[in-house]
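A.B. asks: My questions will all concern the structure given below.
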Amino acid sequence: MGEAAYKRILLKMSGEVLEGTQGFGIDPSVVKRLAKEIVDVHKLGVEIGIVIGGGNIFRGVSGSKQGLDRVTGDYMGMLATLINCLSLQDAIEKEGVPTRVMSAIEVKEVAEPFIKRRAVRHLEKGRIVIFGAGTGNPFFTTDTAAALRAIEINAQVLLKATKVDGVYTADPVKVKGAELLKEVDYMTVLKHGLKVMDSTAISLSMDNSLDIIVFNIKKEGNLLRVVKGEKIGTKVIKGGGND
């Protein structure tokens, strides 16, 4: 299978990835495929942390636009992420790899509380760790949670799994001729509002020199290719990118 370019990674997936073509909820066939790809990476000896969004079930921001209290909506979104976490945990464990869900809010019947030392110990023992409920605080996205957890567990890279091939100079759907960037720096992302992750997540990554790779998870085998160091998608780094 080749060698991995990283020893420890943090994989960030949006909740929408799990919905497949049905447009809402969880598509079991998609979750099964993702689980197999994650396990293929695990077989290379890579320690894997995962953060999943909850947008396929509920988004706090969308709820607030319809009159729901923003804080209430964000907590509802955190619970939605836990549903996704449990679904992926089940699928990965059916592939034979022990997996732990760690939550930023207390739900002890279904998940462990997030404790950094315990999370790192799970990774060292070969368990996959899925971090749920975002940061546990309203007004922070799961992108920010992914950057935070990556830094806390000392991940070498944050892999942002999306439905597009990487970061473009503009929205390729709206702007004809928009170019895919192979490499870009944090400040360019912030300055031009490029859609990588939210500004808080980018700033946190920049301040801690955490590299980000944005790639298309819908293309089968891409996750393994990225972990092996193949140059696909867009790499967000500190300095020297495109302006």
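Readers should treat all values here as calculations from the given coordinates under stated rules, not as data from a laboratory. Remember, it's a predicted structure, so these values are computed and weren't measured experimentally. Heads up, the Cβs are rebuilt from the backbone with ideal geometry, glycines too, and the neighbour counts pull from every protein chain shown.
A.B. asks: Among DSSP beta bridges lying fully in the chain, give the percent that are antiparallel, nearest 5.
C.D. replies: Working: 5 of 34 bridges.
Around 15 percent of the beta bridges assigned by DSSP in the chain are antiparallel ones.
A.B. asks: Same structure, new question: Give me the Kirkwood hydrodynamic radius of region 1-105, using the inverse of the mean 1/r over all pairs of distinct Cα atoms, in Å to one decimal.
C.D. replies: Working: mean 1/r = 0.0681 Å⁻¹.
Here the Kirkwood hydrodynamic radius works out to 14.7 Å.
A.B. asks: List the GluC sites (Glu not before Pro) within region 148-243 that DSSP assigns to loop and that have no more than 15 neighbouring Cβ atoms inside 10 Å. Before the final figure, lay out each step's value.
C.D. replies: Details: sites: Glu152, Glu179, Glu183, Glu220, Glu230; in loops: Glu179, Glu220, Glu230.
Those that pass, being in a loop and sparsely packed, are Glu179, Glu220, Glu230.
A.B. asks: Could you check the simple spin-label distance between Val175 and Lys231, using points 7 Å along Cα→Cβ, in nm with one decimal?
C.D. replies: If labels sit at Val175 and Lys231, their model points lie 2.3 nm apart.
A.B. asks: Which trypsin sites (Lys or Arg not before Pro) from region 83-179 combine a DSSP loop assignment with at most 13 other Cβ atoms within 10 Å? If you can, show how the numbers build up before the last one.
C.D. replies: Numbers: sites: Lys94, Arg100, Lys108, Lys116, Arg117, Arg118, Arg121, Lys125, Arg127, Arg149, Lys160, Lys163, Lys174, Lys176; in loops: Lys108, Lys125, Arg127, Lys163, Lys174, Lys176.
Here the sparse-neighbourhood loop sites are Lys108, Lys125, Lys163, Lys174, Lys176.
A.B. asks: Ignoring everything except DSSP H segments at least 4 long, calculate the 222 nm mean residue ellipticity for the chain; use -39,500 (n - 2.57) per segment, divide by total residues, nearest 500. Before the final figure, lay out the partial values.
C.D. replies: Numbers: 8 runs with 88 residues, N = 243.
Calculated mean residue ellipticity at 222 nm is -11000 deg cm²/dmol.
A.B. asks: Also, I was wondering about something else. Are there DSSP H segments in the chain that both extend 30 Å or more along their axis (alpha-carbon positions) and score a mean Kyte-Doolittle hydropathy of at least 1.0? List them, or say none. List each step's numbers first, then the result.
C.D. replies: Details: long enough: 70-94 (36 Å, 0.32).
In the chain, no H run is both long and hydrophobic enough.
A.B. asks: For a quick check: sort Phe58, Phe139 by the number of other beta carbons within 10 angstrom, fewest at the front. Spell out each step's value before the answer.
C.D. replies: Values: Phe58 19, Phe139 13.
With the fewest neighbours first, Phe58, Phe139 line up as Phe139, Phe58.
A.B. asks: Still on this structure, I have one more. P(r) for region 137-191, please, calculated from all Cα pair distances in 5 Å bins and given in %.
C.D. replies: 4, 14, 18, 22, 21, 11, 7, 2, 0
A.B. asks: Tell me, Val110, Val120 in order of fewest to most beta-carbon neighbours within 10 Å?
C.D. replies: On the way: Val110 13, Val120 17.
Ordered from fewest to most neighbouring Cβ atoms within 10 Å, Val110, Val120 come out as Val110, Val120.
A.B. asks: A further question follows. Pop out the Kirkwood hydrodynamic radius of the chain from its pairwise C-alpha distances, inverse of mean 1/r, in Å to one decimal. Intermediate results must be reported in sequence, preceding the final value.
C.D. replies: Numbers: mean 1/r = 0.0557 Å⁻¹.
Here the Kirkwood hydrodynamic radius works out to 18.0 Å.
A.B. asks: With 10 angstrom as the radius, rank Tyr6, Tyr75 by how many other C-beta atoms surround their C-beta, starting from the fewest. List each step's numbers first, then the result.
C.D. replies: On the way: Tyr6 21, Tyr75 18.
Taking fewest neighbouring Cβ atoms as first place, the list is Tyr75, Tyr6.
A.B. asks: Which FRET efficiency value, to the nearest 0.05, do you get for Leu44 and Glu152 by plugging their Cβ-Cβ distance into 1/(1 + (r/R0)^6) with R0 = 22 Å?
C.D. replies: On the way: r = 23 Å, r/R0 = 1.04.
That gives a FRET efficiency of 0.45.
A.B. asks: Taking the simple approach of a point 7 Å from Cα along Cα-to-Cβ for both Val110 and Lys125, what is their distance in nm?
C.D. replies: Going from the Val110 label point to the Lys125 one covers 2.3 nm.
A.B. asks: Using a 10 Å cut-off on Cβ atoms, rank the peptides 221-229, 16-24 from the highest mean neighbour count down.
C.D. replies: Result, highest mean Cβ count within 10 Å first: 221-229, 16-24.
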